[in-house]
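Trainee: Structure in structure tokens, see below.
The values are calculated or read from the model by the stated rules, or taken from the named source; none is laboratory data. All values derive from a computational prediction rather than experimental measurement. Heads up, the Cβs are rebuilt from the backbone with ideal geometry, glycines too, and the neighbour counts pull from every protein chain shown. Areas reflect the complete protein model, heavy atoms only, side chains present, ligands, DNA and RNA absent. Shrake-Rupley method; radii C 1.70, N 1.55, O 1.52, S 1.80 Å.
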Amino acid sequence: MNINQHKSRKSNMDIYSLCLYLCCVYLSAAQRYEPTWESLESRPLPSWFDEAKLGIFMHWGVFSVPSYSAVWFWNYWKNGHKDINNFMKRNYRPGYTYADFAADFKTEFYDPKRWAAILQASGAKYVVLVSKHHEGFTNWPSNYSWNWNSYDTGPHRDLVGELATAVRETTDLRFGLYHSLYEWFNPLYLKDKENNFTTQNFVKMKTMPELYELVNRYKPEVIWSDGDWEASDSYWMSKEFIAWLYNDSPVRDTVVTNDRWGRGDMCHHGGYLTCSDRYNPKTLQKRKFENPMTIDKNHWGFRREANIEDFYTSKELISTFAETISCGGNMLMNVGPTSYGTIQPIYEERLLQFGKWMKINEEAIYKSKPWTTQQDYATNAWYTMQKTTSGTNVYAILLDWPDKNYLYLNAPVASSSTSITMLGYSGYFSYSKVQPSGINITLPVISFSKIPSTDAWVFKLTDLKN
């Protein structure tokens, strides 16, 4: 090759490299999101979230010390709630303040690796820990919550960081964080509120710095926002934060966000929808949703006064889960740890029971999609489906075992090659077609030792016509 040919080739390579670089810059710019809902909601939801189906919520904070009437304790007390006032008079000295509870938030038995093991055993694929609730106390050593955080007072530990490390090192769960935008009694917030939210001192000095700190320090893959409803998302600067989260944050490729970013946003704007606490629409939804619900039937935090009947049974929890995922949602199941750092046996038992059922029936759960029918009205069953290389498998999650020796399902239309099995049980089930639609599945006598569950049963149907 002579010198001229070499120069020509080098010049062509330089032009190619420049074009490649400019193309990459263009593509990068094209993928950036603007701080508008139209732009932010054009971002595809990371696939892991839809595939996960189950998350565990954990409400933990200074409210775990009184552990009475749960997480809104301070608000109720401050606003003269009679029951809370009587509780304080009976059990605490005159002049006792809510801040005094923080010293007893010791978490002395907190073992994040044990928590992680319980979470893994539950069958969940992500966890959402409360980093800060409406009381304003941060479960990490925040630079923006002086002396009202878990490092300066109480446990003197980084509760968020310890669990994040344990989850990532010992499980396959994604780590997420709940964060309340507002704080009930923060003077900066109350002043902004008094100014009809025309000032943003609280947002600029507290809320937003905290959120950026959380993301940069702990890299959560779920940002579960709350405490938004008194002011608009413009006041909260929510869209600007989410744009940074999607464009430039260390979790930009995998993070998911909910819909609680300002007054009027819930059930309308965000990465996925929650719509309300315990949102279980029981019909197919157009957008991805999450059902945030509690094992304690009425409360989010640990309660010392709770009775056994206050907790959902494993069967009730699995039923809600089946209804939720059949309609395209995830379920975020809440437990309330104690102030001394343990997960109470009633919560642990429910998580382990749930995980045992999930282990048997995971084929029908993870990565599943809603079928053409959600609920089979002929019986108490809910459907999911999985696409495979050979076709589509449909799963009927049966919540009540029939009194008769057969199960009638109205929705499936069998073909000549349809086969029916039960997950966790060996052997095929015979069936007959029913006109005009549906099938009768013959139920043999199954010994107690062979039945895979006493809560719910999953029938797998292959090669259906529909």
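Trainee: Just checking, how many residues over segment 369-407 are open to solvent by 70 Å² or more (accessible area, probe 1.4 Å) and either touching a residue at least 12 places away in the same chain (Cβ under 8 Å) or charged (D, E, K, R) (or both)?
Mentor: 10
Trainee: Residues in segment 429-447: is at least one open to solvent by less than 60 Å² (accessible area, probe 1.4 Å), in contact (Cβ under 8 Å) with a residue 12 or more places away in the chain, in a strand (DSSP E or B) and β-branched (Val, Ile, Thr)?
Mentor: Looking through segment 429-447, at least one residue is open to solvent by less than 60 Å² (accessible area, probe 1.4 Å), in contact (Cβ under 8 Å) with a residue 12 or more places away in the chain, in a strand (DSSP E or B) and β-branched (Val, Ile, Thr).
Trainee: Quick one: would you say Glu363 is open to solvent by 60 Å² or more (accessible area, probe 1.4 Å), in contact with a strand residue (DSSP E or B) (Cβ under 8 Å, 6 or more places away or on another chain), assigned to a helix (DSSP H, G or I) and in contact (Cβ under 8 Å) with a residue 12 or more places away in the chain?
Mentor: Criteria met by Glu363.
Trainee: Quick test for you: out of Pro66, Pro44, pick the one residue that is free of Cβ contacts under 8 Å to residues at least 12 places away in the same chain and in a loop (DSSP other than H, G, I, E, B).
Mentor: Only one candidate passes the filter, namely Pro44.
Trainee: So which of Lys460, Lys450 is among the charged types (D, E, K, R) and buried (at least 17 other Cβ atoms within 10 Å of the Cβ)?
Mentor: Lys460
Trainee: While we're here: Out of all the residues in segment 165-177, is one or more more than 22 Å from Trp244 (Cα to Cα), outside any loop (DSSP other than H, G, I, E, B), open to solvent by 70 Å² or more (accessible area, probe 1.4 Å) and charged (D, E, K, R)?
Mentor: yes
Trainee: It is to be established whether one or more residues within segment 297-309 are open to solvent by 10 Å² or more (accessible area, probe 1.4 Å), part of a helix (DSSP H, G or I), free of Cβ contacts under 8 Å to residues at least 24 places away in the same chain and more than 30 Å from Lys193 (Cα to Cα).
Mentor: Yes - at least one qualifying residue is present in segment 297-309.
Trainee: Go through (1) assigned to a loop (DSSP other than H, G, I, E, B); (2) basic (Lys, Arg); (3) open to solvent by less than 50 Å² (accessible area, probe 1.4 Å) and name the single condition Arg157 misses.
Mentor: (3)
Trainee: Still on this model: Quick test of your reading of the structure: Met205 fulfils all but one of (1) aliphatic (A, V, I, L, M); (2) buried (at least 19 other Cβ atoms within 10 Å of the Cβ); (3) out of contact with any strand residue (DSSP E or B) (no Cβ under 8 Å at 6 or more places or on another chain). Name the failing condition by number.
Mentor: In the conditions (1) aliphatic (A, V, I, L, M); (2) buried (at least 19 other Cβ atoms within 10 Å of the Cβ); (3) out of contact with any strand residue (DSSP E or B) (no Cβ under 8 Å at 6 or more places or on another chain), Met205 misses (2) alone.
Trainee: Just for segment 408-428: of the residues that are in contact with a strand residue (DSSP E or B) (Cβ under 9 Å, 6 or more places away or on another chain), among the small types (Gly, Ala, Ser) and without any contact (Cβ under 8 Å) to a residue 12 or more places away in the chain, which one is most open to solvent (accessible area, probe 1.4 Å)?
Mentor: Ranking the candidates gives Ser416 first.
Trainee: With the condition kept exactly as written, say whether any residue in segment 128-138 is in the same structural domain as Glu51 (by the TED database), more than 22 Å from the chain's Cα centre (by Cα), in a loop (DSSP other than H, G, I, E, B) and crowded, with 20+ Cβ neighbours inside 10 Å.
Mentor: No, because not a single residue in segment 128-138 is in the same structural domain as Glu51 (by the TED database), more than 22 Å from the chain's Cα centre (by Cα), in a loop (DSSP other than H, G, I, E, B) and crowded, with 20+ Cβ neighbours inside 10 Å.
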